[in-house]
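Take a look at the structure below.
Laboratory data are not the source of any read-out in this text; all were calculated from the coordinates shown. Please read all numbers here as calculations on a predicted model, not as lab measurements. When we count neighbours, we look across all protein chains shown, and the Cβ atoms used for this are built from the backbone with ideal geometry, even at glycine.
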Amino acid sequence: MTANAGIPISVVNHMEQEQFAETFGGVFEHAPWVAKDVWAHRPFYSCKQLHDQMMTLVRSASEDEVTAFFRGHPDLATRLEVMTPYSVTEQQGAGLSQLTQEEHDLFTGFNRTYTEKFGFPFIMAVRGKGKDEILAAMKIRIQHTVAEERQAALEEIAKVTAFRIGDLVAE
């Protein structure tokens, strides 16, 4: 996370819960509860500390809650209308909105196989990556055990959300 022209952390710390939840509610895909719950842990001394506290909340959730949270993520290369604005931008940046029909069918097949095996969609921080790198990661990670892949998904979520918070908050 780098310094930017985002919201100063001092302003973040003085937000009312509703404003905080509105500002950060979309950072974790379809999981505004993360922002709502982390608000009580203010003050935050840095963007990193805010993010770390949010990830602590996610990691401390029950297995069923984490699974439901994972299931809130969209398939890669899926219809844009089912994604949050963050995901749309990230997937477009990775070229996933300009796939050929053959590439789309390939991603769809991997998404289906992955979801059948693990019970949630393939999750990857796609910022700065291209479709070939994403597809290669899918091919590797589909070989994981469920436990390995749950851990990998959490690590990828940490990357995605660190980018998003870094875009929102200035140090």
Checklist line | Estimated dipole of the stretch 7-170 in Debye, rounded to 20 [Cβ of Lys and Arg +1, of Asp and Glu -1, Cα centre] | finding: 280 debye
Check: Given a cut-off of under 8 Å on Cα pairs at least six residues apart, what relative contact order in percent is computed for the chain?
Finding: 36 percent
Checklist line | J(HN,Hα) series, the stretch 135-146, from Karplus relation 6.51 cos²θ - 1.76 cosθ + 1.60, nearest Hz, glycine and proline x | finding: 4, 4, 5, 4, 5, 6, 5, 5, 8, 5, 6, 4
Checklist line | Of 74, 10, 121, farthest towards positive along the dipole that unit charges on Lys, Arg, Asp, Glu beta carbons give the chain | finding: 10
Item checked: the stretch 109-115 - phi-based ³J(HN,Hα) in whole Hz, Karplus 6.51/-1.76/1.60, Gly and Pro as x -> x, 5, 4, 5, 4, 4, 5
Checklist line | Partners for residue 139 among lysines (Cα-Cα distance below 23 Å; same-chain residues under 8 apart left out) | finding: 117, 129, 131, 159
Next item on the list: List the residues whose amide H sits under 5 Å from the amide H of residue 169, counting only those 5 or more places along or on another chain, with H placed 1.01 Å from N in the peptide plane.
Entry: 7
Notebook entry, point to check: How much net charge surrounds residue 44 when only other residues with a Cβ under 14 Å from its Cβ are counted (Lys, Arg +1; Asp, Glu -1)?
Noted result: -1
Check: Can you give the extra length, in nm with one decimal, that the chain gains between residue 139 and residue 106 once fully stretched, where that is 0.36 nm per residue apart less the Cα-Cα distance?
Finding: 10.8 nm
